[in-house]
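Participant: Mind having a look at this structure? Questions to follow.
Each value in this text was obtained by applying a stated rule to the coordinates, not by laboratory testing. All values reported here derive from a predicted model rather than from experimental measurement. Cβ coordinates were reconstructed from backbone atoms using ideal geometry, including for glycine residues, and neighbour counts include every protein chain displayed.
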Amino acid sequence: MTDYRSKSLWWNTLPEELATSSRYALHSDIDVDVAIVGAGYTGLWTAYYLQQRDPNLNIAIIDAEVAGYGASGRNGGWCSAYFPTEIDKLGRIHGRESARAMQDAMHDTVTEIENVVKAEGIDCEWQRGGTISFARTPLQWQRAQDYIHHWEEWGYGAEHYALLSAGEAKERAQATNLLGATYTPHVAAINPAKLVRLLANLVEKRGATIYEHTAATKIESGKVFTTGGVISARYVVRATEGYTKTLEGQKRKIVPIYSLMMATEPLSAQVWDQIGLAQRETFGDFRNLIIYGQRTADNRFAFGGRGAPYHFGSSIKDEYDQHSEVHPALLGVLAELFPVVADAKVTHTWGGPLGVARDWMASAGLDRKTGIAWAGGYVGDGVGTTNLSGRTLADLITNQESPITKLPWVNHKSRNWEVEPLRWIGANAGLQIMTRADHAEDKTGKPSKLAGVVSKLLGQ
């Protein structure tokens, strides 16, 4: 039997009533109005808003494991307005107005989740402290300035994205070698497992049925084939993100890429006085290979980054959640930022797959001919984006035209990833290029030409 508490710090620290589940598996054929495959954020937010739109809908949600088993219960706990596709790319394809509307919707989404959390009494350790991104080398400082200038060109001022001087940055966090930073208020730190488990309880209380330990094997118009029976439904929602490859015929739609995390023991007030992050600001920096962290509600560091390899054939295994090189390296990077934690005890290490579409474009949509809806491809920015997915799919399924159903990601279809071994070669080449780019930049102080190759290679 799977030890769910081992899946992340967040799962491990859940109160007993949230960590355990008495939900049954499906053991017969059933008929419902809406069948949702995947009991993570996407599936649960979709159910939540469908219940608001039409309380009479009969909704069934299935999961191969338990609600919140995947990325929803293991991520970095950033509820952010970040969207995986660059606003410039959206502008080139859909026009400036549509690109702006997409970003505005992402800003509004963080506020929407905050309002729901408060209204529904969801205790997920929410604190909207924003995100500070450090610039610790001249090259990173130039990137920070370019980043803010870029948002200014799109009409977003300092109330959305601000450039901080070294002094201003140090007022928020005492990272080493600070030359400056950027700051956005559109991020909240949360306990993601609490959010997903409480959201599951909420939609269940309002009439949805969640079948756990029920794996979907195939979806088609009006049908979900599972290990426990066939679900017939007018609408079928694919909300499987990094696990989409487990569905028949879907292996190349979304690629699972692993992200890894670690957590320290709770740190003393004296240590935090030396670090800062008094508002629980989430944090990262302007290196090429992504890092991300937060100060948790119980005063730990939860810190993660990319660096784990893509596994041939889009393979997903529990053993990939641990990595003998990446996890120790994460503590090294964190101690580089905040030397006072160098000797801190690491209490948790974990990881899991996130989902990436071939063009790095998240999407939400509904094929009205088949009744099949989908959302995903968040590239690790799903805590916020899934809520927008849920509202969008609820509007589409209940046939309500709204501003969010007109956004440029709606009904977007990414092309499939390449067949193996090309997929393995391309994904891991991109990882190596970004890693080497950071090393090269540290040595030369100049932008790495290799870093630009990755965007072209992955079609960003």
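Participant: List the chymotrypsin sites (Phe, Trp or Tyr not before Pro) in segment 233-309 that DSSP assigns to loop (not H, G, I, E or B) and whose Cβ has at most 12 other Cβ atoms within 10 Å. Which are they? Could you put the intermediate results ahead of the total?
Facilitator: Details: sites: Y235, Y243, Y258, W272, F283, F286, Y292, F301, F303; in loops: F286.
For chymotrypsin sites (Phe, Trp or Tyr not before Pro) across segment 233-309 that sit outside H, G, I, E and B with at most 12 neighbouring Cβ atoms in 10 Å, the list is empty.
Participant: Next question, about the same structure. Here are some pairs, K194/K345; K89/K170; K245/K369; K251/K369; K118/K205; K7/K245; which of them have Cα atoms lying more than 26 Å apart in this structure? Walk me through the numbers before you get to the answer.
Facilitator: Working: K194/K345 24 Å; K89/K170 33 Å; K245/K369 23 Å; K251/K369 22 Å; K118/K205 18 Å; K7/K245 21 Å.
From the list (K194/K345; K89/K170; K245/K369; K251/K369; K118/K205; K7/K245), the Cα-Cα distance tops 26 Å for K89/K170.
Participant: When the convex hull of the Cα atoms of segment 9-157 is projected onto a plane and the area is averaged over all directions, what value comes out in nm²?
Facilitator: 13.0
Participant: Let me ask something else. Any idea how far the Cα center of segment 397-450 sits from the one of segment 275-314, in Å?
Facilitator: Using only Cα atoms, the two centres lie 18 Å from each other.
Participant: I've got another one for you. Run through the DSSP bridge list for the chain and note the antiparallel percent, rounded to the nearest 5. Display every interim value, and only then the final one.
Facilitator: Working: 47 of 69 bridges.
Among the beta bridges of the chain, antiparallel pairing accounts for roughly 70 percent.
Participant: Could you list D54, D63 in order of exposure, starting from the residue whose Cβ has the fewest other Cβ atoms within 10 Å?
Facilitator: So the ranking, lowest neighbour count to highest, is D54, D63.
Participant: For the chain, with only Lys/Arg (+1) and Asp/Glu (-1) charged at the beta-carbon, what is the dipole magnitude about the Cα centre, in debye rounded to 20?
Facilitator: 1040
Participant: Here's another thing I want to ask about it. Computed from these coordinates, which is Kirkwood radius over Cα pairs in Å: (1) 22.4; (2) 24.5; (3) 23.6?
Facilitator: (1)
Participant: Mind listing the phi-derived Karplus ³J(HN,Hα) values for segment 155-172, rounded to whole Hz, using 6.51, -1.76 and 1.60 with θ = phi - 60°, and x for any glycine or proline?
Facilitator: x, 9, x, 5, 5, 9, 9, 10, 8, 9, 6, 4, x, 5, 5, 5, 5, 9
Participant: OK, next. Expressed as a rounded percentage, what relative contact order does the chain have, with Cα pairs under 8 Å and six or more residues apart?
Facilitator: With pairs under 8 Å counted, the relative contact order is 23 percent.
Participant: Ok, one more. How many angstrom separate the Cα center of segment 51-103 from the Cα center of segment 178-249?
Facilitator: Going from one Cα centre to the other spans 11 Å.
Participant: So, one more: How about segment 398-450: which GluC sites (Glu not before Pro) there are in a DSSP loop, with at most 11 other Cβ atoms within 10 Å of their Cβ?
Facilitator: Values: sites: E401, E418, E441; in loops: E401, E418.
For GluC sites (Glu not before Pro) across segment 398-450 that sit outside H, G, I, E and B with at most 11 neighbouring Cβ atoms in 10 Å, the list reads E401.
Participant: Mind listing the long-range amide H neighbours of G276? Cut-off is under 5 Å, sequence gap 5 or more, other chains count too, H placed in the peptide plane at 1.01 Å from N.
Facilitator: Q174
Participant: Explain nothing, just compute: Karplus ³J(HN,Hα) = 6.51 cos²θ - 1.76 cosθ + 1.60, θ = phi - 60°, for every residue of segment 247-261 in order, whole Hz, x for Gly and Pro.
Facilitator: Values, residue by residue: 8, 4, x, 10, 4, 9, 6, 10, 9, x, 10, 7, 10, 10, 9 Hz.
Participant: Here is a further query. What residues of segment 1-29 lie in the reach of a label at K205, counting those whose backbone N is under 15 Å from a point 7 Å from the Cα along Cα→Cβ?
Facilitator: Only 17-18 pass the distance filter.
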